[in-house]
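Colleague: One structure, pasted below without further comment.
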Amino acid sequence: MFDPLLEELNESILSRGGIEAKIPSDLAEGFSVKGKAFIKSWLWQAPGFRRWRVTRMDAGENLQVLNSVAYPEYKCDQPLLGIDLLWFGTKRKLVAVLDFQPLTQDKDYLDRYYDGLKSIHGRFPELGGNEIMRSFDPHQYFSPWLLFYRGNSQSAINSLKSAFTAFLDCYWMLNQLTLRKPSGFSPEEVKNLHIAYDIYSAERDPAHHLFAGYFGQAWANRFVSEFLFPYSSITQNVTTALDFPSE
Ligand code: BLA
C-alpha cells in the first residue's frame, strides 16, 4: 500500500547524500512469530540530520505500515519529521499521521517553523480533520497543523500520495532554510529535547503493543528502546550502536 511512498522517502534521502547505517541484524528485518508479517527498517545518516529511521511492516491484508522519524543535528532546533501511516486492509481503514513534530509549543517556535505545513494543512483538509488522540497528548510533540486522518474515506486515501510529496518537499526546504538561521536553542538544549521526545514516545507509542503481538514481547521491547527511540533508555546510561556521536 505505501511502497511508492517508502520509495519516494528513501530516494529523497539517498539523493541528498544519505548513507545507510548498520542496524543489528535481528532488528533490521524479520518475520513475525507466525511468519505472516515481515518488518524491515532503514537507518540513514544524512547531511543536516543526526539520525533518520524508516520502517516498513507488511502483515498483508491485516496491516501495512510506513513509519519514519528524522532527527536534525543538535545545532538546529527545527521540528522532527514524523510519519506514521497504517492501512488495515480487511477493515479498509487508513490511519495517516504526518507532522513536523515541534520540540516546544512556544508561539515563537511555531511562528518560525510552520508556514509550509500550515499551507499543506490548508490544501488537504480531507487529511487534516479533527481526529481525537487516544494515547498521545496532541499538545506534546504534535503541531496544530498536523495531518491526522483515521477512517475510510476515498478522498483521504486518494490525496495521500500528493500530500506526502508536498509534506516531504516542504520538510527538505525547511531544513535548507533553518541550517542557515541561528537556532533558538543551544545544541545541549536540543539534545535534551530529543531525549525527552524519545522517552515520551517510547512510553506512549501504540506500536509497542502491536509489535509484542506479532514479534513477541522481548523483541518488541528491544525494537522500541534500541531502534525506534534509543534515547528512551538514556537514563540507564545505555548507549547503543545506533546512537550517532553528536558534534
Ligand atoms: C497511532 N500508530 C498508531 C496506532 C498504531 C500505530 C497501531 C493506533 C492506531 C489508531 O490510532 O487507530 C502503529 N506506530 C505504529 C507502528 C509503528 C509506529 C506499527 O511507530 C512502527 C514503527 N506515531 C509515530 C510517529 C508519529 C506517530 C513518528 O510513530 C508522528 C507523526 C503518530 N500514531 C501517531 C498518532 C496516532 C498513532 C498521533 C494516534 C494515536 C492516538 O490516538 O493517540
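The values are calculated or read from the model by the stated rules, or taken from the named source; none is laboratory data. Treat the numbers as computed from the prediction; the structure is a model and nothing was measured. Heads up, the Cβs are rebuilt from the backbone with ideal geometry, glycines too, and the neighbour counts pull from every protein chain shown. Heads up: the accessible areas ignore ligands, DNA and RNA and are worked out on the full protein's heavy atoms, side chains in. Shrake-Rupley method; radii C 1.70, N 1.55, O 1.52, S 1.80 Å.
Colleague: Hey, which of the helices (runs of 4 or more DSSP H) in region 163-247, taking only ones fully inside, have at least 1 residues that are more than 18 Å from LEU43 (Cα to Cα), modelled with pLDDT of 95 or more and within 16 Å of the chain's Cα centre (by Cα)?
Modeller: 187-204
Colleague: Condition test on SER155, is it closer than 20 Å to LEU81 by Cβ and touching a helix residue (DSSP H, G or I) at 6+ places or on another chain (Cβ under 7 Å)?
Modeller: Taking the combined requirement at face value, the residue does not satisfy it.
Colleague: Moving to a separate point now. Would you call VAL69 within 13 Å of the ligand (Cβ to nearest atom), in contact with an Asp or Glu (Cβ under 8 Å, 6 or more places away or on another chain) and either open to solvent by 20 Å² or more (accessible area, probe 1.4 Å) or not polar (S, T, N, Q) (or both)?
Modeller: no
Colleague: While we're looking at this one, here's another question. Can you name the condition, by its number, that MET57 falls short on among (1) under 27 Å from GLN154 (Cβ atoms); (2) open to solvent by 10 Å² or more (accessible area, probe 1.4 Å); (3) within 8 Å of the ligand (Cβ to nearest atom); (4) not aromatic (Phe, Trp, Tyr)?
Modeller: Result: MET57 fails condition (2) only.
Colleague: Now a separate question. Tell me yes or no: at least one residue of region 19-40 is touching a helix residue (DSSP H, G or I) at 6+ places or on another chain (Cβ under 8 Å), closer than 30 Å to PRO182 by Cα and either open to solvent by 20 Å² or more (accessible area, probe 1.4 Å) or among the hydroxyl-bearing types (Ser, Thr, Tyr) (or both).
Modeller: Within region 19-40, not a single residue is touching a helix residue (DSSP H, G or I) at 6+ places or on another chain (Cβ under 8 Å), closer than 30 Å to PRO182 by Cα and either open to solvent by 20 Å² or more (accessible area, probe 1.4 Å) or among the hydroxyl-bearing types (Ser, Thr, Tyr) (or both).
Colleague: Additional query: Answer yes if at least one residue in region 41-51 is open to solvent by 40 Å² or more (accessible area, probe 1.4 Å), away from the ligand (no atom under 15 Å from the Cβ) and closer than 22 Å to SER15 by Cβ, and no otherwise.
Modeller: The answer is yes, given that some residue of region 41-51 is open to solvent by 40 Å² or more (accessible area, probe 1.4 Å), away from the ligand (no atom under 15 Å from the Cβ) and closer than 22 Å to SER15 by Cβ.
Colleague: Are there any pairs with C-beta distances below 8 angstrom linking a residue in region 193-211 that is within 14 Å of VAL69 (Cβ to Cβ) to a residue that is near the ligand (Cβ under 10 Å from one of its atoms) and in a helix (DSSP H, G or I), with the two at least 6 apart or on different chains, and if so which?
Modeller: So the pair list comes out as SER201/LEU228; ALA202/HIS208; ALA202/VAL224; ALA202/LEU228; ASP205/VAL224; ASP205/LEU228; ALA207/VAL224; ALA207/LEU228.
Colleague: Follow-up question, since we're still on this one. Restricting to region 171-199, count the residues that are open to solvent by less than 20 Å² (accessible area, probe 1.4 Å) and either under 24 Å from VAL95 (Cβ atoms) or within 11 Å of the ligand (Cβ to nearest atom) (or both).
Modeller: 3
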